[in-house]
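Trainee: Before I ask anything, here is the structure I am working with.
The values are calculated or read from the model by the stated rules, or taken from the named source; none is laboratory data. Only a predicted model underlies this, so the values are computations on that prediction, with no experimental measurement involved. We place every Cβ from the backbone using ideal geometry, glycine too, and count neighbours over all the protein chains shown. Surface areas here come from the heavy atoms of the whole protein model, side chains and all, with no ligands, DNA or RNA. Shrake-Rupley method; radii C 1.70, N 1.55, O 1.52, S 1.80 Å.
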Amino acid sequence: MAAPREVPERRPFGRRFLTDPARLFQHNAWDNVEWSEEQEASARSKVQENSSQLLPQDKQEEYEVNAKRYWDDFYKIHENGFFKDRHWLFTEFPELAPNRNPSQNGDSVREFSNKEDSNSEGLGSCENGYCSLETTAENQLNLIKSVPRICTEELATRKYSELNRRDGDYPGSSASYRVLEVGCGAGNTVFPILQTNNDPGLFVYCCDFSTTAVDLVQNNAEYDSSRCFAFVHDLCNDQSPFPMPDESLDVVILIFVLSAILPEKMQCIVNRLSRLLKPGGMILLRDYGRYDLAQLRFKKGQCLSDNFYVRGDGTRVYFFTQDELDDLFTTAGLEKIQNLVDRRLQVNRGKQMTMYRVWIQCKYRKPAAPEL
């Protein structure tokens with residue numbers, strides 16, 4: 001019988017120094033790890049090195065023009081097998097399951113479930129420039145082997161235009177709590193929400209740039225059209241309509257999505273999303289922070305602009321600071337509820353590797369309408 005695993009002390013509100021390398025490989029991860037000045041300087045030097053050679057402008061334009069094709073190719077290859085279900089969502093964002101534990105609504109990053117960290121071989125895996133925090137799924141999503149549904153953006157746009165002309169008649173119009181996930185991928189956020197939140201008034205919208213990704217969601221055995229509506233949407237096209245009207249959403253979720261967009265277009269996108277929120281509604285974001293392991297692993301020739309890179313498969317990623325995100329959200333008229341850096345040390349005991357991850361987590365709220 002394997003020896004019981006010692007559980008490290010967790011300090012959600014504090015930081016700790018790790019000085020004993022022998023102890024590192026007894027555990028999987030630590031929260032809120034303090035970086036030394038030397039470590040910060042080394043990371044800064046690595047970024048300066050890998051960003052010293054920018055891709056030519058014509059190549060950069062090619063990646064922008066073909067962005068949809070690169071993400072379609074990604075999901076055709078990986079389907080729903082790359083990213084794992086995000087069961088940590090309800091610890092970090094209790095707003096997504098408000099009846100689960102009302103006390104979990106503070107401003108600090110909380111520990112991830114030890115149950116989800118039990119497979120250290122999969123923890124913090126990095127492949128082709130993707131370094132994800134997604135942990136081992138408790139339940140695999142099973143695809144229905146059927147003919148994919150037609151879900152082109154052209155057809156979707158026409159359908160939404162017709163719906164919006166019929167005042168008050170749109171998917172989820174009768175719901176009392178509406179959530180939109182942008183960049184839903186294969187559904188690793190949507191399905192845990194539907195499984196966990198049993199509120200009869202809940203309706204979840206989810207969209208992705210990739211037609212292939214949306215097909216995967218719609219053809220999933222867990223997809224329930226009475227509680228969920230998946231659609232193709234190009235966030236960068238401000239003429240592409242949403243299926244719901246402005247000021248109709250309680251929550252918008254952005255998880256590792258904003259970082260995939262051309263930095264010059266981010267403000268327009270945040271502005272559009274903020275208009276969808278009801279007064280008092282919130283945007284929840286978790287994304288890559290500056291000097292994350294994924295940024296440090298890029299080689300020369302993969303940098304598009306400051307802190308913006310292209311992976312080997314053509315998809316792109318940006319690495320944020322807290323101030324940059326604060327500027328984006330406050331410029332859109334939202335109020336800060338939470339904006340913090342989560343520095344984590346992850347250990348792959350099988351490969352004897354330590355990995356320093358940096359993520360930023362934000363919650364921004366649309367001001368409530370003034371009382372008359």
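Trainee: For residues that are among the small types (Gly, Ala, Ser) and within 17 Å of the chain's Cα centre (by Cα), scanning just the stretch 242-271, find the one that is modelled with the highest pLDDT.
Mentor: Only one residue fits best here, namely 259.
Trainee: Quick one: which of 249, 235 is in contact with a helix residue (DSSP H, G or I) (Cβ under 7 Å, 6 or more places away or on another chain), open to solvent by 10 Å² or more (accessible area, probe 1.4 Å) and under 19 Å from residue 214 (Cβ atoms)?
Mentor: None of the others qualify; the one that does is 235.
Trainee: Just to be sure, is residue 343 closer than 19 Å to residue 236 by Cα, within 18 Å of the chain's Cα centre (by Cα) and open to solvent by 10 Å² or more (accessible area, probe 1.4 Å)?
Mentor: no
Trainee: Right, next: What is the residue count in the stretch 312-322 for residues that are open to solvent by 10 Å² or more (accessible area, probe 1.4 Å), touching a strand residue (DSSP E or B) at 6+ places or on another chain (Cβ under 7 Å) and either in contact (Cβ under 8 Å) with a residue 60 or more places away in the chain or farther than 22 Å from residue 341 by Cβ (or both)?
Mentor: The number of residues fulfilling the criteria is 2.
Trainee: Report, ordered by the first and then the second residue, all pairs with beta carbons closer than 8 Å, sequence separation of six or more or different chains, a first member in the stretch 178-195 that is within 13 Å of residue 88 (Cα to Cα), and a second member that is among the aromatic types (Phe, Trp, Tyr) and open to solvent by less than 10 Å² (accessible area, probe 1.4 Å).
Mentor: Qualifying pairs under 8 Å: 192/90.
Trainee: Among the residues of the stretch 232-263, how many are in contact (Cβ under 8 Å) with a residue 24 or more places away in the chain and either assigned to a strand (DSSP E or B) or more than 19 Å from residue 287 (Cβ to Cβ) (or both)?
Mentor: 19
Trainee: Turning to a different aspect of this structure: Can you name every residue in the stretch 35-45 that is touching a residue at least 24 places away in the same chain (Cβ under 8 Å) and open to solvent by 60 Å² or more (accessible area, probe 1.4 Å)?
Mentor: Within the stretch 35-45, just 44 meets the criteria.
So that you can scan it fast, the table gives a plain yes or no per residue for (1) within 16 Å of the chain's Cα centre (by Cα); (2) more than 30 Å from residue 42 (Cα to Cα); (3) open to solvent by less than 10 Å² (accessible area, probe 1.4 Å):
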position: 183; (1), (2), (3): yes, yes, no
position: 190; (1), (2), (3): yes, yes, yes
position: 199; (1), (2), (3): no, yes, no
position: 208; (1), (2), (3): yes, yes, no
position: 218; (1), (2), (3): no, yes, no
position: 275; (1), (2), (3): no, yes, no
position: 280; (1), (2), (3): no, yes, no
position: 286; (1), (2), (3): yes, no, yes
position: 293; (1), (2), (3): no, no, no
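Trainee: Additional query: Pairs under 7 Å by beta carbon, first residue at pLDDT 95 or above in the stretch 329-344, partner of a type in the set (Ser, Thr, Tyr) and open to solvent by less than 30 Å² (accessible area, probe 1.4 Å), six or more apart or different chains?
Mentor: 329/364; 332/274; 333/274; 334/274; 334/364; 335/364; 336/364; 337/364
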